1. Taking a virtual spin label 7 Å from the Cα of Asp32 along the C-beta vector, which residues in the stretch 241-268 bring their backbone nitrogen under 15 Å of it?
2. Report the full-extension gain for the segment Asp73 to Glu184: residue separation times 0.36 nm, less the Cα-Cα distance, to one decimal in nm.
3. Return the FRET efficiency for the residue pair Ala160, Ala106: r is the Cβ-Cβ distance, R0 is 35 Å, and the value is rounded to the nearest 0.05.
4. Please work out the FRET efficiency for the pair Gln82 and Glu57, using the Cβ-Cβ distance as r and a Förster radius of 35 Å; give the result to the nearest 0.05.
5. Expressed in nm to one decimal, what extension gain is obtained for the pair Arg199 and Asp93 from 0.36 nm per residue of sequence separation less their Cα-Cα distance?
6. Using Cα-Cα distances under 8 Å and only pairs 6 or more residues apart, what relative contact order does the stretch 115-210 have, in percent?
7. Quick check: Cα centre of the stretch 44-59 to Cα centre of the stretch 87-114, how many Å?
8. Quick one: pull the percent of accessible area on the stretch 116-246 belonging to carbon and sulfur, 1.4 Å probe, ligands and nucleic acids left out.
Amino acid sequence: MRKALVAFAILLVSCVAHGDDEPLMIWIIKGDTNNVYLLGSIHVLRESDHPLPEVLEMIYDDAEQLVMEIDMDDLDPVSTMQFLTSHGVLKGDNTLQDIMGPEMYAEAEAAAAAIDIPIEMLAKTEPWLAAITVEEMIMHRAGFNAAHGIEMYLTNKAVADGKAITGLETIEQQLGFLDSLSIEIQNRWLLQSLVEAERTEEVISELIAAWRRGDTTFLEELLLAEFDEYPELHDLILINRNKNWVEPIMALLDEDDDYLIVVGAAHLAGLAQPQGQDPQLPQPDHGQPRGAIARPRRLGGAARRERQPLRGHGQQSLHRPRRRPAHPEGGLRAARGEPPDGHRARRRDRHSV
């Protein structure tokens, strides 16, 4: 899993231009009487990544209500901690070493020592929670924090402005997805998080740069291509959740209010491919087919839109089929000249999942 499993660590993963012509991952779904904006988000950012692009302010101002993966202004830390305790802490005499096995644990222990993380503090945690803890520590060291992320920025604005925020799922559901991963995947995720910790800043920086460019092709390769090797992970984190989201999102098209939906960029990567440059934020256009996804752009000075229907169950849109890796042997690892790693899952960036 070279780069997919970091976005949940911060839960405790057509373009529209802004002022300086940097595109972002934004689509518009046309309702009968409203617009529903889809924003692909990066969950963790650095303070230096602010100010955020001006176009975020524009679509935020246009929306009367916000929808996020979870209801960010109504989180219950006590309930979350209870869930982590009941699902993420090993029972009885079991330890992390028992779960991982002596050989893999020894490798994890050496990798943790190399980055100054005392793996002993994780002795009673299940591997998925240990991986979250490790990744959160590494991200904080590099200056990445959910407090600077897009969701928290928009949540703070919405609370101050009295705008309603709702969630597509609960934090218990999100953490439950990770708890339901097979032990094999959990172990690989934890080990890879430790082994590749030194590359965290580089990887997230690449992700943020691609997001600012609206480079859906790069993001698709970075976030999606190697999921073929881990169908369990791909289905659990992307496909199944996207399918669950289609119906509530489509229901918003019956409303009069405009909505801003904010989900991890990986859920939207590959939804449509960019063409041309210098895209512009459109004026509302209710003459278009209901449910069409519009990617506003300006080509040769003329405003044009490319539309795709929003569908579920096996068709492109929020429910994406698995894609073959661009580089069959080792995926992006091979592209960068790195040797294939047969027994480790490649760590993806969950900041955008």
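1. Within reach of a label on Asp32: 250-257.
2. In short, 36.5 nm is gained.
3. Working: r = 50 Å, r/R0 = 1.44.
The formula returns an efficiency of 0.10 here.
4. Values: r = 37 Å, r/R0 = 1.06.
According to the calculation, E is roughly 0.40.
5. Numbers: separation 106, 0.36 × 106 = 38.16 nm, distance 3.42 nm.
34.7 nm is the gain from fully extending Arg199 to Asp93.
6. Working: 39 pairs, mean separation 50.3, N = 96.
Dividing the mean separation by the residue count of the stretch 115-210 yields 52 percent.
7. 38
8. 53
The values are calculated or read from the model by the stated rules, or taken from the named source; none is laboratory data. Quantities reported herein were computed from a predicted structural model and do not represent experimental measurements. Virtual Cβ from ideal backbone geometry, glycine too; neighbours counted across all protein chains shown. For accessibility, only protein heavy atoms count, side chains too; no ligands or nucleic acids. Shrake-Rupley method; radii C 1.70, N 1.55, O 1.52, S 1.80 Å.
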